[in-house]
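Data first, discussion second: the structure below is written as structure tokens.
Read-outs throughout are calculated quantities, based only on the coordinates presented, and are distinct from any laboratory measurement. Keep in mind it's a predicted model, so treat the numbers as computed, not measured. Virtual Cβ from ideal backbone geometry, glycine too; neighbours counted across all protein chains shown.
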Amino acid sequence: MAEPEGTLVPERILELSERLSTVAGAKIGEISSINREAKMLAINALITAARAGEAGKAFAIVAEEFKRIASEIDDVAMGMETQVRADLRELSAVGGAILGHLRGQRLADLALNAIEIIDRNLYERTCDVRWWATDSAVVSCVAEPSDQASRFASSRLKVILDAYTVYLDLWICDRAGKVIATGRPDRYPGAKDISVAGASWFQQSMRTRSGDEFVACDIERAPALGNAPVATYATAIREGGQANGKAIGVLGIHFDWKPQAQAVVDGVRMTEEEAARSRVMLLDHKGRVLASSDGKGELEETFRLPGDAVSMGSYALDGATVGYALTPGYETYQGLGWYGCILQREPPKAQAQSTRAA
């Protein structure tokens, strides 16, 4: 019989082994019940033959033989039950192992897909920052600082933000680390004039050797942006907007992490039933939860993968399967050691089968 569409073969094995175990137990029980009746008949026949005296001797021989055969049937039935149940337990174990492997592989594949989507998205951010750092309004704002240049650059940044809705704000910083223009001064008035001289993204950007280089940061909350979680990308603003020009300032762009990441973890392709017992996460290189489909623990919880975790794999964890995949990077964006990770609890039926197998 052909398997119903969408049914996994290992799950079918477990289902059949469970059914066979039930049927075998019932049938062996029926054999034992019938055999008990046969034994009673044999005993009654022996009693009747004894009462008949000499005339019942021949009948007694037949009854005794019938009793012996019934005992042998009992032995066969007991042996069959022992062997069948042992084989079915092994079959269930094999099916469970195959199912666990396939489920883990599928979760790892889905985790890889999630982290790849993030990689491609963040790669575009690295392109954006390098491109916008060469904009004449951005360069002039730093090269020839004035209130007018700052206002014009701010209006230019606002135009960019209106078109690229994935950002919270864009900051132009002078060489001393002072933010001299922003794209949303009305929404985030506290951002302008702050100093980011101590921020790693500013310092690293000022040390870049050409306009082809950029700085990518792990997710952090930005106090000047309402404490929202952001992915900051930055690069040096260079003299004349030239790739080999001297670094005269820094452009920092703040990616609005929460809605973009949530769309990725919520968009992993699963059935409603699977999604209800699954948790999709994005983790940084230390296991910090950057995003989670259940909305819990973000930037606070640490979900540690095993110490021997490879670039992609799966493992069992307290009645659940965990699949994970390391960022492969995309184009010139090498990634920051992040992982896609999915924890999926076993369905209730599978948990019951595991308990019975144990």
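Odds and ends about this structure:
- Förster radius 56 Å - calculated FRET efficiency between ALA228 and ALA86, Cβ distance, rounded to 0.05: 0.40
- Extension gain from ASP318 to LEU102, taking 0.36 nm per residue of separation minus the Cα-Cα distance: 76.0 nm
- Karplus-derived 3J(HN,Hα), 6.51/-1.76/1.60, for each residue of region 126-140, Hz, glycine and proline x: 5, 6, 4, 5, 5, 6, 5, 5, 9, 4, 4, 5, 5, 5, 5
- Pairs exceeding 27 Å between alpha-carbon atoms, taken from LYS192/LYS246; LYS158/LYS286; LYS178/LYS246; LYS158/LYS296: LYS158/LYS286; LYS158/LYS296.
- Label-to-label distance, nm, for residues given as ARG277 and GLU300 (7 Å Cα→Cβ offset): 2.8
- Computed from phi, the 3J(HN,Hα) profile of region 103-115 under the Karplus parametrisation 6.51, -1.76, 1.60 (θ = phi - 60°) reads 5, x, 5, 5, 5, 5, 5, 5, 5, 5, 4, 5, 6 Hz, with x in place of Gly and Pro.
- Judged by the mean number of other Cβ atoms found within 10 Å, the most tightly packed of the peptides 119-125, 103-109 leads the ranking 103-109, 119-125.
- For region 204-358: rounded, prolate or oblate by the Cα gyration tensor [a/c cutoff 1.5]: prolate
- GluC sites (Glu not before Pro) lying in DSSP loop within region 238-310, provided at most 14 other Cβ fall within 10 Å: GLU300, GLU301
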